[in-house]
Amino acid sequence: MRNAYFDQLDSIVADLVTMTNEVQHAVAQATIALLTADAEIAEKVITDDAAIDATRERIESESFQLLALQQPVAGDLRMLVAALRMVADLERMGDLSVHVAKVARLRVPQPAVPAEIVPTIERMGHVAEEMVGQVAVIIAKRDVEGAISLVEKDEEMDQLRRSSFRLMLDESWSYGVEPAVDIALLGRYYERIADHAVSLARRVVYLVTGETLSKQDL
């Protein structure tokens, strides 16, 4: 019985890694759709979000089942509590990727991002993708040091968003209100993906150490 119990715990961790990889793919594809004005890729990001939602439901079901039947304590209890919170972050990251894809789809056949600001938005997309990928490794290895180092990329994301605002507010901005609104929303979506990645890293630290750290502590 205990072996089956530990196999179930391992399965939940594996599912969390799978869900994180699904989110990373969604982020990457949404960015491609955005920068290439590819309606087909954007639509696939939107429809594939159902798979991310299904993974969340599976993890929640398995976690609640173990909580009810096994009454775990200490580290095992922390793992299940962390898992239930982590899937909420991951699902929201998937939703944010869908928001990016919807901006791309809305502006097809034109790119949603003016040429002048493409390097900034492209970098934001890459940073978000890299952070999600790093989270998958952090979860799989329960890597506390990796979790703490994730804040460096989050700081870069904050700097990129500030840079995008400077470009929009500059007197040389000639693209009008609609693209400015799109860029403001996109910056917010990518920034929130990064924030959720940091939140996930914090939960891994809690899982391993039992300590709750703020974003500043990371």
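The values are calculated or read from the model by the stated rules, or taken from the named source; none is laboratory data. Every value quoted in this text rests on a predicted model; they were computed, and no experiment measured them. With ideal geometry, Cβ positions are generated from the backbone for all residues, glycine too; neighbour counts draw on all protein chains shown. Remember, those area values only see protein heavy atoms, side chains included, never the ligands or the DNA or RNA. Shrake-Rupley method; radii C 1.70, N 1.55, O 1.52, S 1.80 Å.
Of note:
- Helix-only [θ]222 nm of the chain, DSSP H runs n ≥ 4, -39500 (n - 2.57) each, per residue, nearest 500: -30000 deg cm²/dmol
- Of the DSSP H helices in the chain, those that are both long (alpha-carbon extent of 30 Å or more along the helix axis) and hydrophobic (Kyte-Doolittle mean at least -0.5) are 2-36, 39-70, 74-107, 118-141, 177-209.
- Accessible carbon and sulfur surface of the chain relative to its total accessible area, %, 1.4 Å: 52
- Average accessible surface for region 105-213: 49 Å² per residue, computed with a 1.4 Å probe over protein heavy atoms with every protein chain in place.
- Note on region 1-64 and region 193-209: Cα centroid distance 17 Å, given to the nearest whole angstrom.
- The chain: most fluctuating residue of Gln70, Gln159, Gln134 per GNM, C-alpha cutoff 10 Å: Gln70
- Model label points for Ser172 and Asp158, set 7 angstrom from Cα along the Cα-to-Cβ axis, are 2.7 nm apart.
- Placing +1 on the Cβ of every Lys and Arg and -1 on the Cβ of every Asp and Glu, with no other charges, gives the chain a dipole of roughly 320 debye about its Cα centre.
- Cα-projected label distance for Asp53 with Arg85, points at 7 Å along beta-carbon direction, nm: 2.5
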